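Novice: This is the structure I want to talk about, given as structure tokens.
Computed from the coordinates by the stated procedures, all read-outs in this text should not be read as laboratory data. Nothing here was measured: the structure is a model prediction, and the numbers come from that model. Neighbour counts are summed over all protein chains in view; Cβ atoms, including those assigned to glycine, are modelled from backbone coordinates with ideal geometry.
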Amino acid sequence: MSPQAVKFLQRLVTDARTECRLGEVARTVSTTEGIGTIKGSRVMFTAEDHASAAHMLRARGYEVTAPAAPFTRSEAPAGGSEKTGALRVSHDLVALVPLAIPGIRMPPDGFMSLRAEAALQMPYEVLIVCENLEPMLNLGRYGWLSGFVKGRPALVLFRGAPGLYRTDVATELVRRDHRPTLAFFDFDPKGLSMAASLPRREALCLPGAAELEAAARATRRVDLFFNSFATSRGHLDRLAQASDIGVAWERMQSLELGLNQEQFPG
């Protein structure tokens, strides 16, 4: 049986459904396996069909009911592929760069990947949340960043992106942590808004004002400013003008320019 047919039969047994729409899988199960009776655009099921489905699953080495929650490959039910329906192997991993953490040595221009729970146990004093992965690989070029770290053992966390590391896992790590955070985001409205929402935020990590303005004018990223201006403006306007976020927001509006992390000056 196909993985789709196995899932269909497991749901049939679990839900004790009496009918369903006539789809491709339902048609195959009815015509090939003899479970269910086709009536027009529907397939009808009886108690005998439920019993037959359960017996068929057991006979072919499958669990009768699907796991109630997502499972890892090592927890896959018997009789099926460990890949079908399983969580991605990287589902609970985060991307990290340790900075001066005792006992941990990292080669330059790289990052490590750990389960979030293990990351929380590392002996760092400040958590740096980084919006993009490439700047994490090039942390050494941002000499001004040390002024925010202040010599403390630090852990740099990639906030995640579609198709890479999950943002919800990184967000949960930040929530569960107790240490101060440093916000290292793009200089654009969305980046400032995310930085302002960071729990326990100690500082917004940006280059010096003159260097930042010069780089923004040189790259002319008008799109970075206007792409998220409308959606982030309300949040940012409510912040105190004297705060670091407020000051950056005023500067950004006067420039009507943004700057991505990859173009931050060193």
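Novice: Give the relative contact order (percent, whole number) for segment 126-266; include only Cα pairs under 8 Å separated by 6+ residues.
Specialist: Working: 214 pairs, mean separation 39.8, N = 141.
Worked out over segment 126-266, it gives 28 percent.
Novice: Given only helices, namely DSSP H runs of n ≥ 4 each adding -39500 (n - 2.57), what is the per-residue ellipticity at 222 nm of the chain, to the nearest 500 deg cm²/dmol?
Specialist: Values: 12 runs with 106 residues, N = 266.
After summing the helix terms and dividing by the residues of the chain, the value is -11000 deg cm²/dmol.
Novice: A further question follows. Can you give me the angle between helix 3-15 and the longest principal axis of the chain, using Cα atoms only, in degrees from 0 to 90, rounded to the nearest 10?
Specialist: Between the helix axis and the principal axis of the chain, the angle is about 80 degrees.
Novice: In addition: Compute the label zone of residue 134 within segment 203-229: residues whose backbone N is under 15 Å from the point 7 Å along Cα-to-Cβ.
Specialist: Inside the label zone: 219-221, 224.
Novice: Oh, and also: In degrees between 0 and 90, to the nearest 10, how far off the longest principal axis of the chain does helix 24-33 point, with axes built from Cα atoms?
Specialist: Taking Cα atoms only, the helix is inclined about 30 degrees.
Novice: While we're looking at this one, here's another question. What ranking of 17, 141 emerges when the number of other C-beta atoms within 10 Å of each C-beta is taken as an exposure proxy, fewest first?
Specialist: So the ranking, lowest neighbour count to highest, is 141, 17.
Novice: How far is helix 167-176 tilted, in degrees, relative to the longest principal axis of the Cα atoms in the chain, given as a value from 0 to 90 rounded to the nearest 10?
Specialist: 70
Novice: Moving to a separate point now. Give or take rounding to whole Å, what are the principal axis extents of the alpha carbon atoms in segment 181-221, in descending order?
Specialist: Projected onto the principal axes, the Cα atoms of segment 181-221 cover 33, 18, 9 Å.
Novice: Nothing charged except the Cβ atoms of Lys and Arg (+1) and of Asp and Glu (-1): what's the magnitude of the dipole of the chain about its Cα centre? Round to the nearest 20 debye.
Specialist: Result for the chain is approximately 340 debye, rounded to the nearest 20.
Novice: Could you please state, rounded to a whole Å, how far the C-alpha centre of segment 23-51 is from the C-alpha centre of segment 197-264?
Specialist: 59
Novice: Would you mind ranking 20, 130 by Cβ crowding within 10 Å, fewest neighbours first?
Specialist: Ascending number of Cβ neighbours within 10 Å: 20, 130.
Novice: Okay, moving on. Which net charge results for the neighbourhood of residue 118, defined as the other residues with beta-carbon distances under 15 angstrom from its beta-carbon, given Lys and Arg at +1 and Asp and Glu at -1?
Specialist: It works out to a net charge of -2.
Novice: Please state the charge dipole magnitude for segment 210-262, taken about the Cα centre, from unit charges on C-beta atoms (+1 on K and R, -1 on D and E), reported in debye and rounded to the nearest 20.
Specialist: 140
Novice: Let me ask another. For segment 93-263, state the average projected area of the convex hull of the C-alpha atoms over all orientations, rounded to one decimal in nm².
Specialist: Computed as one quarter of the Cα hull surface, the answer is 9.6 nm².
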